Structure formats: C-alpha cells, structure tokens
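These notes are about the structure you will find just below.
The values are calculated or read from the model by the stated rules, or taken from the named source; none is laboratory data. Since the model is a prediction, treat every value here as computed from it, not as a measurement. Cβ placement follows ideal geometry from the backbone for every residue including glycine, while neighbour counts extend to all protein chains displayed. Side chains are part of the model used for accessible areas, which takes the heavy atoms of the whole protein and leaves out ligands, DNA and RNA. Shrake-Rupley method; radii C 1.70, N 1.55, O 1.52, S 1.80 Å.
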Amino acid sequence: MSMHTEELGRLLAVIGDEDTCVGFMLGGIGEVDEDRETNFMVVERDTTSDQIEECFKKFLKRPDIAIILINQVYADMIRPTVDAHNLAMPTVLEIPSKQRAYDASRDSILKRAQSVISPPERHY
C-alpha cells in the first residue's frame, strides 16, 4: 500500500472492459503501489475466466481495497466465486458494461438483500 493510500483510506478496485476501466481511471481511482500491483484489471477478448477469478481473489485478500467493481458479464463468468463472497468488506458491486445490460436478477448483493427484506411466502 502506498503512503498516499495509507493517508487517505481504502481503494476501489475495478475488473472490467477497457472502457469501464478507463472511465474509472479518468475519475482518479487508478493506483500502482510500490510492488507494481494495480487496483484494476482490464479484461480483453483473450482473458480467461481463470485469470478473472485469480484477480478477483487477489483483490478480496488485499487489505487496502474496500470496494470491488466488476462488470456483470465478467462476474457471471466467475459466478460461484462472486456468490461465495459474503463479507461486508470488500463490498462487491456488479456494474453494467457495453456488452450486456445490467440484470438485477443476477446480482449477488441484490439477491441477498431480497432474501432479508422479502419474507418467505406463506401458503395457507
């Protein structure tokens, strides 16, 4: 973790297509630490689901990351791993991409929230 990060707090991490990552980088979230570790992964056509999962797990373990933003299309590629993460920190937020519109029914956080908010159906 860089001195800058230690002073200001935790980071956002992004796993997304080039447009998504560039947009967030222009917004100022990009960081490279002393070990040359970044807080983003640009997913390209030849990126495998194993590579996405490896990066996702690496971000989960980093103590300087508070939120992981991931394009839903890539979250779907590693759905069991995303759904298995049930800790509050880092929070995992699925976001839309150019390839596919956001589908709330697939979002792991919304599924958990609905199960807490919506009582089970009662059959009389």
Can you pull out the residues in the range 32-58 that are open to solvent by 20 Å² or more (accessible area, probe 1.4 Å), at pLDDT 90 or above and not hydroxyl-bearing (Ser, Thr, Tyr)? Phe40, Met41, Val42, Glu44, Arg45, Asp46, Asp50, Gln51, Glu53, Glu54, Lys57, Lys58
Which of the residues spanning the range 82-112 are touching an Asp or Glu at 6+ places or on another chain (Cβ under 6 Å) and either assigned to a strand (DSSP E or B) or modelled with pLDDT under 80 (or both)? Glu94, Asp107, Ser108
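When the residues of the range 11-31 are filtered to those that are free of Cβ contacts under 8 Å to residues at least 24 places away in the same chain and β-branched (Val, Ile, Thr), which remaining residue is most open to solvent (accessible area, probe 1.4 Å)?
Just the residues of the range 11-31 that are free of Cβ contacts under 8 Å to residues at least 24 places away in the same chain, to begin with: 21-23, 25-30.
Cutting the leftovers down to β-branched (Val, Ile, Thr) gives us 22, 29.
Values: Val22: 70, Ile29: 29 Å².
Step by step, filter the range 11-31, then rank; the result is Val22.
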Working only within the range 20-34, note down all residues that are farther than 16 Å from Ser97 by Cα and part of a helix (DSSP H, G or I). Leu26
Looking at the range 79-92, which of its residues are open to solvent by 30 Å² or more (accessible area, probe 1.4 Å) and of a type in the set (S, T, N, Q)? Asn86, Thr91
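Considering only the range 59-69, I want to know if a residue exists there that is among the acidic types (Asp, Glu), surrounded by 14 or more Cβ atoms within 10 Å (Cβ to Cβ), closer than 22 Å to Leu26 by Cβ and modelled with pLDDT under 95.
Yes; the residues of the range 59-69 include at least one that is among the acidic types (Asp, Glu), surrounded by 14 or more Cβ atoms within 10 Å (Cβ to Cβ), closer than 22 Å to Leu26 by Cβ and modelled with pLDDT under 95.
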Which residue is nearest to Gln72 (Cα to Cα), if the candidates are limited to the range 8-19 and must be part of a loop (DSSP other than H, G, I, E, B) and touching a strand residue (DSSP E or B) at 6+ places or on another chain (Cβ under 7 Å)? Asp17
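Scan Ile65, Ile95, Ile78 and give me the residue that is free of Cβ contacts under 8 Å to residues at least 60 places away in the same chain and either basic (Lys, Arg) or in contact with a strand residue (DSSP E or B) (Cβ under 6 Å, 6 or more places away or on another chain) (or both).
That would be Ile65, the only listed residue that is free of Cβ contacts under 8 Å to residues at least 60 places away in the same chain and either basic (Lys, Arg) or in contact with a strand residue (DSSP E or B) (Cβ under 6 Å, 6 or more places away or on another chain) (or both).
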Would you please name the residue that is farthest from the chain's Cα centre (by Cα), looking only at residues in the range 35-62 that are farther than 16 Å from Thr91 by Cα, in contact (Cβ under 8 Å) with a residue 12 or more places away in the chain and in a strand (DSSP E or B)? Val42
Where Asp76 falls short, out of the listed (1) within 20 Å of Arg10 (Cα to Cα); (2) open to solvent by 30 Å² or more (accessible area, probe 1.4 Å); (3) assigned to a helix (DSSP H, G or I); (4) not β-branched (Val, Ile, Thr): (1)
